[in-house]
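Peer 1: Just passing along the structure, written as structure tokens.
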Amino acid sequence: MIRHLLHRFAEAALVLLVVSFLAFALIGLMPGDPIDLLVNADPNVTTADAERLKALYGLDRPLLDRYLAWLGGALQGNLGFSRLYAQPVGAVLTGPLLNTVLLMGLSLVLGLVVAVPLALLAVRRPHGVLDLVVNAGAFAGLSLPSFWLPLLLILLFAVTLGWLPAGGVHAVGDPSLASRVTHLVLPVLTLTVLNAGVYLRFTRGALLEVVAEDFMRTARAKGLGLGAALVRHALPNALLPLTTVVALHLGTLLSGALVVEVIFAYRGLGKLTYDAILGNDANLAMAVLMMATALTLACNVLADAVYGWLDPRVRFDG
Amino acid sequence: MRFLVLVCSLAVGALGAAVSASAQETLRIGASQFPSTMHPSIDEMLAKTYVQSMTLRPFTGYGHDWELRCFLCTELPTFENGGAERVERPDGSVGVRVTYEIHPDATWGDGVPVTSDDVVFAWEFGKHPQSGVVSREVYTDIRDIEVIDAKTFTLELEDLEYNYNAINDLQPLPAHLERPIFEADPANYRNATLFDTAPATPGLAFGPYRVSEVEIGSYLVLERNPTWYGVTPAFDRIIVQVVENTAALEANLLSGSVDMIAGEVGLPLEQALAFEERHGDRFQVTYEPGLVYEHLEANLDNPILADRRVREALLLAIDRQAVSDQLFAGRQQVAASRVNPLDWVHEPDVPTYERDVERAQALLEEAGWRPRPDGVRVNDAGERLSFEFATTAGNRSRELVQQFIQAQWAEVGVEALVRNLPPRVFFGDYTNRRQFPGIAMFAWISAPEHLPKTTLHSSMIPSPNNGWTGQNYTGYADPEMDALIEAMEVEFDAERRAELWSRLQKLYARELPALPLFFRSNAHIWPTWLEGVRPTGHMDLSTLWVEEWRPAEPGR
């Protein structure tokens, strides 16, 4: 197992290196050099100004040189300076990273807390009333546009009822826990509704397959109640496909939820990535993309390990 | 019982008064953009100007009457008042010496006076090749600075031009704080400046407010600056809260999270119009046409568009007033030329090209374009009257206008092939290296009496020969226009300059190097209890007069 994991981590490091080069090249080759855009925005900028600025920001050097310089810095922990926020990349990332981990982590956990019990209830009587209602709810969660639900929630809870703030990470000048919690409610609620739909569909589908297995019939024949049989025997077997989905979702933890973050003015990594790419902030974009890639790879390795733990039939032979 | 009612009434009254007073201590402004840097001289950004107009003041700027005036200086130097003096150099060049006096009470927020040394430092920094300043023109145009005393200095400008006394972009920097950082490592100064590393440092502001807290990407808190020398502002604090999604920004206003939305960095016009329709009774909504000139830029290398008759026909085919009425409730002012009617040099007596389909068709016939059954005209060589029509993808207003124009051109037999591009692509090589093959729709932002040299002079046609300098993207080359621009540059007599401006506008409207559409309006939304907000329409924003913003007196 350990040998297998080491092997997977080595593979992940290689993938990370390749992705870093591809991402850097794609950002570098995108049309609209940051200095060209400045030239266009300001009629007083001369060719000499443009050349001076390109030299200052290192944009006059070949792409490979720039990549190697970035890689050298990154390996030593220096992620460079964010052109967009006039701050070191590390300083720009810290706040949004914590905000996103909190937002995505909470919505992921709550999504599971809602989805798994509902799926268990639904499969007690497939195609019954409860199953239909739960299914309809899941489909609603899956199909709601991610830009529409947050606006609806803001209009209801912030504008009409005035119970919750319309956006932000915390109230201005009040970074207290209470303020943070009230500001988290609507974004977390939005993402929970959206996530729960996905988890619910996967769990329900997996449970329905397992329920039809012989060992479930045996369990019932031994006198086990339906609920107990579902929880003790069906659920552990149904967790494998759900693990895959959750692992993939965990991978998106750092890339954040762009639309939700933008609408709730919640300063997270999704919004930061979007701004960095559009704003030609190569250092910041690279840092976020690399973090997201690393986490996706790590989650996949972790999912492999969890498979082995959940299902004794899964073995890693090196 | 009566006593209880009285106590309750007093309590409710006191609570109401407390709430009202508390509400008036802080003004919350919603904006859709966050400044990328707080350094006054690095990077131009509207959101930064909006905030810094409250914390700093330019030496000179434009008033509500669009006239140049002093903000930080005490008097505009002119030849008449002896503040300006012509300099003739041995090499034959002619420059000018202009003397300014800094407001005697101007003091940085830490109590250190604003002095000539701050101007000298700003100049030394700005002209340094590694400063990171985008355009060095404002600094390299200054040949020398003579410090007369702590509050008086003389600039020697390289060239003598009509706007010799406008130093709107020369922002003094707090030398006592910033010079040591700059001198330690000029190349790294832009990353180490206190404006970005410690923006709440009191000594970085001398305006009515100073920054007291910044949450990057989210909000800025401004507090009254105790060293401000002008009228005391009414609000203790101003919070500029950034919500980039404008639908969410609107919801924040309705929920009371913000009191007003900045007109300059707020809702797009069409959204503001819809907002006014629904909630206009609860807020004051004001529309101010400004200097943002929306137009159609034709690539004159395209043989179809090189023909002036075709360009005129294209303009005659568009009902610009109907576009404004139908899409923007008539709030976008139709443009006759590139000079805004609020500008004192505006010439009203130019051809205005109201929609005239028959005349448009006749002009196209005259230019050799005959109608065909498929609706698109062709010339004798069988070529179709067809070209690419591009604008910035995702800009809903422009895309709507584009569809309207495309349909109206189709009515006269013109095929406009829409190809919209993301802004970073559109404003990249596509326009600034003149790669657009047909018509590009976008806007120019200018200033009052802004000489259109970079956009209309033939030397400013970007090409490999001039290192792609200039913004004359149409490729318009007209000796008469060149001569007018060159004459205006050195004409100091306002009356004679106005005459030259009149000729320029008439020539522009006659030759139509670009097709004028509108002057874009900004929608300002503020609460009914707020008074004194006066949008200008030009690049000096309403916050430059923030000290005049006050809660309305009860009963008014």
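Peer 1: Criterion first (more than 14 Å from every other protein chain (Cβ to nearest Cβ), more than 26 Å from the chain's Cα centre (by Cα) and either assigned to a helix (DSSP H, G or I) or among the aliphatic types (A, V, I, L, M) (or both)) does A:Ala50 satisfy it? Outline the logic, then answer.
Peer 2: Values: more than 14 Å from every other protein chain (Cβ to nearest Cβ): no; more than 26 Å from the chain's Cα centre (by Cα): yes; either assigned to a helix (DSSP H, G or I) or among the aliphatic types (A, V, I, L, M) (or both): yes.
When the stated conditions are applied, A:Ala50 does not pass them.
Peer 1: Which residues, taken from segment A:237-276, are closer than 30 Å to A:Leu63 by Cα, within 14 Å of another protein chain (Cβ to nearest Cβ) and crowded, with 19+ Cβ neighbours inside 10 Å?
Peer 2: A:Gly256, A:Gly268, A:Leu269, A:Gly270, A:Lys271, A:Leu272, A:Thr273, A:Tyr274, A:Asp275, A:Ala276
Peer 1: Quick check on segment A:204-233: of everything there that is touching a residue at least 40 places away in the same chain (Cβ under 8 Å) and surrounded by 13 or more Cβ atoms within 10 Å (Cβ to Cβ), which residue is nearest to A:Val114 (Cα to Cα)? Give the steps one after another, and end with the answer.
Peer 2: Quick first cut of segment A:204-233, residues touching a residue at least 40 places away in the same chain (Cβ under 8 Å) only: A:204, A:207-208, A:211, A:226-227, A:230-231.
Keeping just the survivors that are surrounded by 13 or more Cβ atoms within 10 Å (Cβ to Cβ) gives A:204, A:207-208, A:211, A:226, A:230-231.
Details: A:Arg204: 12, A:Leu207: 16, A:Leu208: 18, A:Val211: 21, A:Leu226: 20, A:Leu230: 17, A:Val231: 15 Å.
Selected residue: A:Arg204.
Peer 1: Among the helices (runs of 4 or more DSSP H) lying completely within segment B:70-187, list those that include at least 3 residues that are surrounded by fewer than 16 Cβ atoms within 10 Å (Cβ to Cβ). Write out each step before concluding.
Peer 2: Details: elements: B:116-127, B:137-140, B:175-184.
Helices (runs of 4 or more DSSP H) meeting the threshold: B:175-184.
Peer 1: Just need a number here: residues in segment A:172-183 that are within 11 Å of another protein chain (Cβ to nearest Cβ) and either surrounded by 17 or more Cβ atoms within 10 Å (Cβ to Cβ) or closer than 13 Å to B:Asn252 by Cα (or both).
Peer 2: Adding up the residues that qualify gives 2.
Peer 1: For segment B:313-330, enumerate the residues that are touching a helix residue (DSSP H, G or I) at 6+ places or on another chain (Cβ under 6 Å) and touching a residue at least 60 places away in the same chain (Cβ under 8 Å). Steps first, please.
Peer 2: In the first step, residues of segment B:313-330 are kept if they are touching a helix residue (DSSP H, G or I) at 6+ places or on another chain (Cβ under 6 Å); the result is B:313, B:316-318, B:323, B:327-330.
Passing the criteria: B:Ala313, B:Ala317, B:Ile318, B:Val323, B:Leu327, B:Phe328.
Peer 1: With closer than 29 Å to A:Asp275 by Cα, surrounded by fewer than 24 Cβ atoms within 10 Å (Cβ to Cβ) and more than 9 Å from every other protein chain (Cβ to nearest Cβ) as the only criterion, which of B:Val240, B:Val265, B:Val292, B:Val285 stands out?
Peer 2: Numbers: B:Val240 fails: surrounded by fewer than 24 Cβ atoms within 10 Å (Cβ to Cβ); B:Val265 fails: surrounded by fewer than 24 Cβ atoms within 10 Å (Cβ to Cβ); B:Val285 fails: closer than 29 Å to A:Asp275 by Cα.
Result of the check over B:Val240, B:Val265, B:Val292, B:Val285: B:Val292.
Peer 1: Taking the conditions exactly as written (surrounded by 21 or more Cβ atoms within 10 Å (Cβ to Cβ), within 14 Å of chain B (Cβ to nearest Cβ) and either charged (D, E, K, R) or farther than 20 Å from A:Pro96 by Cβ (or both)), does A:Leu161 satisfy them or not? Can you show your working first?
Peer 2: Numbers: surrounded by 21 or more Cβ atoms within 10 Å (Cβ to Cβ): no; within 14 Å of chain B (Cβ to nearest Cβ): yes; either charged (D, E, K, R) or farther than 20 Å from A:Pro96 by Cβ (or both): yes.
No.
Peer 1: Which of the following residues is closer than 30 Å to B:Pro535 by Cβ and either at pLDDT 95 or above or of a type outside the set (Gly, Ala, Ser) (or both): B:Thr140, B:Thr99, B:Thr107?
Peer 2: On the way: B:Thr140 fails: closer than 30 Å to B:Pro535 by Cβ; B:Thr99 fails: closer than 30 Å to B:Pro535 by Cβ.
Selected residue: B:Thr107, the only one of B:Thr140, B:Thr99, B:Thr107 that is closer than 30 Å to B:Pro535 by Cβ and either at pLDDT 95 or above or of a type outside the set (Gly, Ala, Ser) (or both).
Peer 1: Checking A:Pro145 against (1) assigned to a helix (DSSP H, G or I); (2) within 13 Å of chain B (Cβ to nearest Cβ): exactly one of these is not met. Which one?
Peer 2: Checking A:Pro145 against (1) assigned to a helix (DSSP H, G or I); (2) within 13 Å of chain B (Cβ to nearest Cβ), the one that fails is (1).
Peer 1: Also, I was wondering about something else. Being part of a helix (DSSP H, G or I), farther than 30 Å from A:Leu278 by Cα and within 20 Å of the chain's Cα centre (by Cα) narrows it down to one residue among A:Ala115, A:Ala119; which is it? First the steps, then the outcome.
Peer 2: On the way: A:Ala119 fails: within 20 Å of the chain's Cα centre (by Cα).
On inspection, the qualifying residue turns out to be A:Ala115.
Peer 1: Further, regarding this structure: Within segment A:274-302, which residues are of a type in the set (S, T, N, Q) and modelled with pLDDT of 85 or more? Break it down stepwise before answering.
Peer 2: Filtering segment A:274-302 down to residues of a type in the set (S, T, N, Q) leaves A:280, A:283, A:293, A:296, A:300.
Listed by number, the residues that qualify are A:Asn283, A:Thr293.
Peer 1: List pairs: first residue in segment A:166-189 and within 19 Å of A:Leu97 (Cα to Cα) and at pLDDT 90 or above, second residue among the small types (Gly, Ala, Ser) and in a loop (DSSP other than H, G, I, E, B) anywhere in the structure, Cβ distance under 6 angstrom, at least six positions apart or on different chains.
Peer 2: Pairs found: A:His183/A:Gly168.
Peer 1: Collect the residues in segment B:178-199 that are away from chain A (no Cβ under 12 Å) and free of Cβ contacts under 8 Å to residues at least 60 places away in the same chain, keeping them in residue-number order. It would help to see each step written out before you state the result.
Peer 2: Looking only at segment B:178-199, we keep the residues that are away from chain A (no Cβ under 12 Å), and these are B:178-185.
If the condition is that a residue be away from chain A (no Cβ under 12 Å) and free of Cβ contacts under 8 Å to residues at least 60 places away in the same chain, then B:Glu178, B:Arg179, B:Pro180, B:Ile181, B:Glu183, B:Ala184, B:Asp185 are the ones that fit.
Peer 1: Does B:Ala248 qualify as being facing chain A (nearest Cβ under 9 Å), more than 15 Å from B:Val51 (Cβ to Cβ), without any contact (Cβ under 8 Å) to a residue 24 or more places away in the chain and among the aliphatic types (A, V, I, L, M)?
Peer 2: Yes, satisfied.
To keep it simple, each residue is scored yes or no on (1) closer than 26 Å to A:Leu278 by Cα; (2) aromatic (Phe, Trp, Tyr).
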site	(1), (2)
B:Arg372	no, no
B:Gly375	no, no
B:Glu399	yes, no
B:Phe404	no, yes
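Peer 1: Now for a separate question. Determine if segment B:500-508 includes at least one residue that is on the phi < 0 side of the Ramachandran plot and assigned to a loop (DSSP other than H, G, I, E, B). Walk me through it before giving the result.
Peer 2: Narrowing segment B:500-508 to residues on the phi < 0 side of the Ramachandran plot: B:500-508.
Filter once more, so that each one left must be assigned to a loop (DSSP other than H, G, I, E, B): none.
The answer is no, given that none of the residues of segment B:500-508 is on the phi < 0 side of the Ramachandran plot and assigned to a loop (DSSP other than H, G, I, E, B).
Peer 1: I've got another one for you. Evaluate the following for A:Leu224: is it in a loop (DSSP other than H, G, I, E, B) and either within 14 Å of chain B (Cβ to nearest Cβ) or more than 15 Å from the chain's Cα centre (by Cα) (or both)?
Peer 2: Details: in a loop (DSSP other than H, G, I, E, B): yes; either within 14 Å of chain B (Cβ to nearest Cβ) or more than 15 Å from the chain's Cα centre (by Cα) (or both): yes.
Yes, satisfied.
Peer 1: If you don't mind, another one. Condition first: in a helix (DSSP H, G or I) and crowded, with 19+ Cβ neighbours inside 10 Å. Now tell me which residues in segment B:510-556 satisfy that. Steps first, please.
Peer 2: Filtering segment B:510-556 for residues in a helix (DSSP H, G or I) gives B:510-511, B:542-548.
The answer is B:Ser542, B:Thr543, B:Leu544, B:Trp545, B:Val546, B:Glu547.
Peer 1: Of the numbered conditions (1) of a type outside the set (Ser, Thr, Tyr); (2) modelled with pLDDT under 90; (3) touching a His at 6+ places or on another chain (Cβ under 8 Å), B:Gly263 satisfies every one except a single condition; which is it?
Peer 2: B:Gly263 satisfies every listed condition except (2).
Yes/no per residue for (1) in contact with a strand residue (DSSP E or B) (Cβ under 9 Å, 6 or more places away or on another chain); (2) more than 8 Å from every other protein chain (Cβ to nearest Cβ); (3) surrounded by 14 or more Cβ atoms within 10 Å (Cβ to Cβ):
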| residue | (1), (2), (3) |
| --- | --- |
| A:Leu75 | no, yes, no |
| A:Asn78 | yes, yes, yes |
| A:Phe81 | yes, no, yes |
| A:Gln87 | yes, no, yes |
| A:Thr94 | no, yes, no |
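Peer 1: Starting from residues that are of a type outside the set (Gly, Ala, Ser) and surrounded by 15 or more Cβ atoms within 10 Å (Cβ to Cβ), keep the ones in segment B:380-393 and report whichever is farthest from B:Glu294 (Cα to Cα).
Peer 2: Our first condition is that a residue be of a type outside the set (Gly, Ala, Ser); within segment B:380-393, this holds for B:380, B:383-385, B:387-389, B:391-392.
Next cut, surrounded by 15 or more Cβ atoms within 10 Å (Cβ to Cβ) only: B:384-385, B:387-389, B:391-392.
Values: B:Arg384: 27, B:Leu385: 24, B:Phe387: 20, B:Glu388: 18, B:Phe389: 15, B:Thr391: 11, B:Thr392: 12 Å.
For segment B:380-393, the residue satisfying everything is B:Arg384.
Peer 1: Still on this model: Which numbered condition trips up B:Arg372, out of (1) within 14 Å of another protein chain (Cβ to nearest Cβ); (2) at pLDDT below 95; (3) not in a helix (DSSP H, G or I)?
Peer 2: That leaves (1) as the condition not met.
Peer 1: Whether any residue in segment B:55-62 is in contact (Cβ under 8 Å) with a residue 24 or more places away in the chain, in contact with a His (Cβ under 6 Å, 6 or more places away or on another chain) and within 24 Å of B:Ala234 (Cα to Cα) is what I want to check.
Peer 2: In the first step, residues of segment B:55-62 are kept if they are in contact (Cβ under 8 Å) with a residue 24 or more places away in the chain; the result is B:55-62.
Cutting the leftovers down to in contact with a His (Cβ under 6 Å, 6 or more places away or on another chain) gives us B:62.
This time we only want the ones that are within 24 Å of B:Ala234 (Cα to Cα), so: B:62.
Scanning segment B:55-62 turns up at least one residue that is in contact (Cβ under 8 Å) with a residue 24 or more places away in the chain, in contact with a His (Cβ under 6 Å, 6 or more places away or on another chain) and within 24 Å of B:Ala234 (Cα to Cα).
Peer 1: Can we say B:Gly230 is surrounded by fewer than 18 Cβ atoms within 10 Å (Cβ to Cβ), farther than 15 Å from B:Ser32 by Cα and within 14 Å of chain A (Cβ to nearest Cβ)? Before the answer, list the steps.
Peer 2: Values: surrounded by fewer than 18 Cβ atoms within 10 Å (Cβ to Cβ): yes; farther than 15 Å from B:Ser32 by Cα: yes; within 14 Å of chain A (Cβ to nearest Cβ): no.
Spelling it out, it is not the case that B:Gly230 is surrounded by fewer than 18 Cβ atoms within 10 Å (Cβ to Cβ), farther than 15 Å from B:Ser32 by Cα and within 14 Å of chain A (Cβ to nearest Cβ).
Peer 1: Kindly provide the set of residues from segment B:272-303 that are free of Cβ contacts under 8 Å to residues at least 60 places away in the same chain and under 24 Å from B:Pro516 (Cα atoms), ordered by number.
Peer 2: B:Pro303
The values are calculated or read from the model by the stated rules, or taken from the named source; none is laboratory data. Remember, it's a predicted structure, so these values are computed and weren't measured experimentally. With ideal geometry, Cβ positions are generated from the backbone for all residues, glycine too; neighbour counts draw on all protein chains shown.
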